[in-house]
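Peer 1: Pasting a structure below so you can have a look.
The values are calculated or read from the model by the stated rules, or taken from the named source; none is laboratory data. The structure displayed is predicted, hence computed values, not measured ones. Every residue, glycine as well, gets a Cβ built from its backbone with ideal geometry; the counts of neighbours run over all protein chains shown. Just so you know, the surface numbers come from the protein's heavy atoms only, side chains and all, with ligands and any DNA or RNA stripped out. Shrake-Rupley method; radii C 1.70, N 1.55, O 1.52, S 1.80 Å.
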Amino acid sequence: MRRRRQELSPEACRGILERGRECVLALAGSDATDGFPYAVPVNYSFASPTEAEGEAGVVGHLLLHGAPKGAKLDAIAADARVSACVIERGDVVPEQLTTYFQSVIAFGRARLVDGDDARRAALLALCAKYAPDLGAETVDAEIARFFARTAIVDVTVERASGKQSIELV
């Protein structure tokens, strides 16, 4: 990073990944995108690495859901390397011609999650994050309704880099 004073610590990056609401997933091009890079906004949940993964340097996992076919999965099949940008703060300050921001870019490898138990656990984590007030019965019914036509992608975050505006340093 060129501006080291604005660099966020690994702990701050992890916190933004845990708290973030949306991210933009960036993928290498595939036939589905005529070779162009593909970036798509997604909802996600963050899962901590296992102890062994943490010791190996893994930051954690971004769990995403989506259709079982499409450009996102085609791009992942062609090249599992991805990045994801999470912007926690982006306050435009017009009188100063600037933006007060905090953001993280996570780099990792994406894979489809196999196994009903792991897929269901990811969907429960997404529901807990985005619809925490729904009852278990409602969540279970919605998961059952869409389960067969929902894919889960696990991005193993190998490294993350965060930055904030100079005004927040």
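Peer 1: Being closer than 29 Å to Ser9 by Cα and surrounded by fewer than 19 Cβ atoms within 10 Å (Cβ to Cβ) is the filter here; which residues of the range 96-117 pass it?
Peer 2: Hits for the range 96-117 are Gln96, Leu97, Thr98, Thr99, Tyr100, Phe101, Ile105, Phe107, Arg109, Arg111.
Peer 1: Quick one: which of Ala12, Ala77 is farther than 20 Å from Arg119 by Cα and more than 14 Å from the chain's Cα centre (by Cα)?
Peer 2: Ala12
Peer 1: I would also like to ask the following. Is at least one residue of the range 84-106 in contact (Cβ under 8 Å) with a residue 40 or more places away in the chain and farther than 30 Å from Leu168 by Cβ?
Peer 2: Within the range 84-106, none of the residues are in contact (Cβ under 8 Å) with a residue 40 or more places away in the chain and farther than 30 Å from Leu168 by Cβ.
Peer 1: Under the condition of being in contact with a helix residue (DSSP H, G or I) (Cβ under 7 Å, 6 or more places away or on another chain) and within 19 Å of Ser161 (Cα to Cα), which residue from the range 48-71 is least open to solvent (accessible area, probe 1.4 Å)?
Peer 2: Gly60
Peer 1: Is it true that some residue in the range 118-139 is among the polar types (S, T, N, Q) and open to solvent by less than 40 Å² (accessible area, probe 1.4 Å)?
Peer 2: No, that holds for no residue.
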